[in-house]
Amino acid sequence: MADPKKLVLLTGGNSGIGLEACKILCSKGYTVVASVRSDEKGDSMVSAVRASNSAADIHYMICEMADPESIRTFADEFKKKWLVGGRRLDVLVNNAGAIYDYPERQVADVNPEWEKTMIVNALGPITLTDLFVDDLKETALEKGDARVVMVNSSITTMMTWMFKEQIDFDDVMLSKPGAYKSSQQTYKLSKMALMMATLALSEELQDTSVKFNSICPGLIPGTNISNNRQSQRGTAYKIMFGLLAMMMGKSNLDGGQFIVNAADGTQGTTRGMFYVRDKLTSPNPQVAVADNQRRMLKILRDLAKSV
Ligand SMILES: NC(=O)c1ccc[n+]([C@@H]2O[C@H](COP(=O)([O-])OP(=O)(O)OC[C@H]3O[C@@H](n4cnc5c(N)ncnc54)[C@H](OP(=O)(O)O)[C@@H]3O)[C@@H](O)[C@H]2O)c1
């Protein structure tokens, strides 16, 4: 069958940079299927994308990234609905992510031992990607190119000489007493875990034309990422963050464009390199160790299988 349009699956399409990426991808002629967490959010996403382009080929499906079972159901339904009649998945964008800025450690329903940021930001995207690896390989064989974009964060590489957080491979889900220190530390560790596993996955696929990119959009103050915020940060912090955002922040649209650059082929590598905005950047030193990458991928796979 002649493939009418390239097909993109993007997680977290209803908000922030994911929503802008959906708009840009549709304007470039892609069919975009975005995951959201409710019909209400899906309908509002479709309306927002169609308001910018009435011909947009945009669709939604529901997936909860904090629950591997929901991810498996979603992947199954996506394949039945979209990967039929010879149609291929061209690009998978793992954009959905969260930071739970509460005073206490947050856990997910699937396992009260597991820290929630780790599930949403690391376990979820790796589980989803694993479920589509065979489809992406087929796309790469047939078309010579298939892409995975992992939305990561430069928080993983910032001043590592001062902020020395390291992943404890025996306690990736931060269950041991005292392992959870703050939402920022946990967010950083979750994105480090994601990048490690991404590099290991791309190594497994290095003989194929499935290309992996990790990207950080930089500081984007206009998204909803800070809405899960209950900690009582002081006025000084808020002023400092506001100033930083004014000086360095980019718009949601800029953030969406960085995703599209990686999804679209302007940036590309088979080894999961890390782009901060459009600048190639070295990963965190602990992330850069190949044994750590393989170990993390195995840990996340084993955890996903256990629920
Ligand atoms: N903003 C920044 O400065 C910045 C910097 C570096 C990296 N990033 C990364 O950029 C990505 C997008 O974030 P954003 O800034 O655009 O924030 P956002 O506006 O909050 O968008 C996050 C998206 O992820 C979805 N999501 C969150 N938790 C989920 C869950 N448990 N299951 C399924 N979907 C879930 C959200 O859905 P709901 O609306 O249902 O919550 C939303 O669609 C994230 O991976 C984030 O870590 C952002």
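The values are calculated or read from the model by the stated rules, or taken from the named source; none is laboratory data. Computed from a predicted model, the values in this text were never measured in an experiment. Neighbour counts run over all protein chains shown; Cβ positions are idealised from the backbone, glycine included.
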>> I need the full set of residues from the range 90-100 which are assigned to a strand (DSSP E or B), within 12 Å of the ligand (Cβ to nearest atom) and of a type in the set (A, V, I, L, M, F, W, C), in order please.
In response: Val93
> Among the numbered criteria (1) outside any helix (DSSP H, G or I); (2) at pLDDT 95 or above, which single criterion is violated by Leu128?
Replying inline: (1)
> Got a sec? Which helices (runs of 4 or more DSSP H) wholly within the range 207-307 have at least 3 residues that are under 28 Å from Met162 (Cα atoms), out of contact with any Ser or Thr (no Cβ under 8 Å at 6 or more places or on another chain) and not aromatic (Phe, Trp, Tyr)?
Replying inline: 235-248, 290-305
> free of Cβ contacts under 8 Å to residues at least 24 places away in the same chain and surrounded by fewer than 24 Cβ atoms within 10 Å (Cβ to Cβ): does that describe Ala56?
Replying inline: no
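I'm checking my understanding of the structure. Among residues of the range 138-193 that are among the small types (Gly, Ala, Ser) and touching a Phe, Trp or Tyr at 6+ places or on another chain (Cβ under 8 Å), which one is farthest from Ile17 (Cα to Cα)?
From the range 138-193, those among the small types (Gly, Ala, Ser) are 140, 144, 146, 153-154, 175, 178-179, 182-183, 190, 193; that's our starting set.
Pick out the ones that are also touching a Phe, Trp or Tyr at 6+ places or on another chain (Cβ under 8 Å) and you get 153, 175, 183.
Details: Ser153: 13, Ser175: 31, Ser183: 21 Å.
This residue is Ser175.
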> In the range 1-55, which residues are within 14 Å of the ligand (Cβ to nearest atom), farther than 22 Å from Arg88 by Cβ and part of a loop (DSSP other than H, G, I, E, B)?
Replying inline: Gly12, Asn14, Ser15, Arg37, Ser38
> Would you pick out the residues in the range 277-300 that are surrounded by 15 or more Cβ atoms within 10 Å (Cβ to Cβ) and closer than 20 Å to Cys22 by Cα?
Replying inline: Arg277
> Taking the stated definitions as given, is Met173 within 16 Å of Met296 (Cα to Cα), in contact with a Pro (Cβ under 7 Å, 6 or more places away or on another chain) and either surrounded by 14 or more Cβ atoms within 10 Å (Cβ to Cβ) or of a type in the set (A, V, I, L, M, F, W, C) (or both)?
Replying inline: no
>> Pull out all pairs, ordered by first then second residue, where Cβ-Cβ is under 7 Å, the residues are six or more apart or on different chains, the first lies in the range 290-307 and is among the aliphatic types (A, V, I, L, M), and the second is modelled with pLDDT under 95.
In response: Val307/Val110; Val307/Asn111
> Considering only residues of the range 145-164 that are away from the ligand (no atom under 16 Å from the Cβ) and in contact (Cβ under 8 Å) with a residue 12 or more places away in the chain, which is nearest to Ile99 (Cα to Cα)?
Replying inline: Thr160
> For the subset of the range 59-75 comprising residues that are touching a residue at least 40 places away in the same chain (Cβ under 8 Å) and more than 12 Å from the ligand (Cβ to nearest atom), which member is surrounded by the most Cβ atoms within 10 Å (Cβ to Cβ)?
Replying inline: Ala75
>> Condition first: aromatic (Phe, Trp, Tyr) and within 16 Å of the ligand (Cβ to nearest atom). Now tell me which residues in the range 180-219 satisfy that.
In response: Tyr187, Phe212
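What residue, of Gly272, Gly256, Gly265, is within 13 Å of the ligand (Cβ to nearest atom) and either small (Gly, Ala, Ser) or surrounded by fewer than 19 Cβ atoms within 10 Å (Cβ to Cβ) (or both)?
It is Gly256.
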>> If I filter the range 176-209 down to residues being without any contact (Cβ under 8 Å) to a residue 40 or more places away in the chain and farther than 30 Å from Glu142 by Cα, which single residue comes out as surrounded by the most Cβ atoms within 10 Å (Cβ to Cβ)?
In response: Lys188
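Counting just the residues of the range 161-198 that are part of a loop (DSSP other than H, G, I, E, B) and in contact with a strand residue (DSSP E or B) (Cβ under 8 Å, 6 or more places away or on another chain), which one comes out nearest to Gln293 (Cα to Cα)?
Going through the qualifying residues, I end up with Met173.
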>> Please determine whether any residue of the range 101-120 is farther than 18 Å from Ala263 by Cβ, of a type in the set (S, T, N, Q), touching a residue at least 12 places away in the same chain (Cβ under 8 Å) and assigned to a helix (DSSP H, G or I).
In response: yes
> Residues Met192, Met196, Met158, Met173: which one is modelled with pLDDT of 95 or more, more than 17 Å from the chain's Cα centre (by Cα) and of a type in the set (A, V, I, L, M)?
Replying inline: Met173
>> Being closer than 18 Å to Ala288 by Cβ and crowded, with 16+ Cβ neighbours inside 10 Å is the filter here; which residues of the range 135-159 pass it?
In response: Met150, Asn152, Ser153, Ser154, Ile155, Thr156, Thr157
